[in-house]
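Below: the structure, in structure tokens.
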């Protein structure tokens, strides 16, 4: 899928594509509603369903082999998580990714991850080896196959999650985890839409890591800000409000 092309369609005119859903096979031990929910959620988060794609209960029921009632329940759950927008009498719409979405999430993450950096530096928390390993892992995936965007973004997310979980605060972690699905979806969109973004992200992660080696909180937070907010001007012509 060419995500840049898909986001361009969403940007110029706001029209919607029709869904092409891959067949799914439900494990009998999994409830039909849970299966339909996970099936759709993965397609949406990984961008296999492009922004502004219309999907219907009938289409999902046919693809998954479950009845419309559990599919309807899955739609409600995804709508509550802002991963689907209801379209009365037409089904549901996969939400667009807007510049505002990206800006607001970046600003939120800066506050949360910045606090994580503060605590890591203050308490000299032992996260450096894990961060280094994740940087190396992400680089290895990029070098082996630049098209493995989903895999790279999941590693990217794990790098940032490491800054949060080091704090050891359950409420803090739950708050950050609430961003997970949208964080991954936005990450995939940016990696596919912005040429060289994956390579730049690895370089920026390494700069954050280098500051953390010295437990230099000011420099690490500055580099985090550059990493999260620095590309906003670059993507303003791709994602609009």
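Bear in mind these aren't lab numbers, they're just calculated from the coordinates by the rules spelled out. Worth saying up front: this structure is predicted, and the values here are computed from it rather than measured. Neighbour counts are summed over all protein chains in view; Cβ atoms, including those assigned to glycine, are modelled from backbone coordinates with ideal geometry.
Observations
- Stretch gain in nm, segment residue 25-residue 87, where the contour uses 0.36 nm per residue and the Cα spacing is subtracted: 19.7 nm
- Ranked list, fewest to most other Cβ atoms within 10 Å of each Cβ, for 67, 231, 144: 144, 67, 231
- Among (i) 0.96; (ii) 1.00; (iii) 1.02, the entry that matches Rg/Rh (Cα atoms, Kirkwood Rh) as calculated here: (ii)
- Within a Gaussian network of the chain (alpha carbon springs, distance under 10 Å), most fluctuating of 42, 143, 57: 143
- Efficiency of FRET from Cβ geometry, residue 34 and residue 130, R₀ 45 Å, rounded to 0.05: 0.90
- Ranked 27, 147, 156, 216, criterion: other C-beta atoms within 10 Å, fewest first: 27, 147, 216, 156
- MRE, 222 nm, helices only [DSSP H, n ≥ 4, -39500 (n - 2.57), over the chain, to nearest 500]: -21000 deg cm²/dmol
- Residue among 106, 63, 74 with the largest mean-square fluctuation in a Gaussian network model of the chain, springs linking Cα atoms under 10 Å: 63
- Residue exposure proxy: 215, 39, ordered by other Cβ atoms within 10 angstrom of their Cβ from fewest to most, comes out as 215, 39.
- Inter-site label distance for residue 137 and residue 67 at 7 Å from Cα along Cβ, in nm: 4.2 nm
- Inter-probe distance in nm under a simple model that places probes 7 Å from Cα toward Cβ, at residue 145 and residue 111: 3.9 nm
- Tensor-based shape of region 90-202 (alpha-carbon gyration tensor, a/c under 1.5 rounded, otherwise prolate or oblate): oblate
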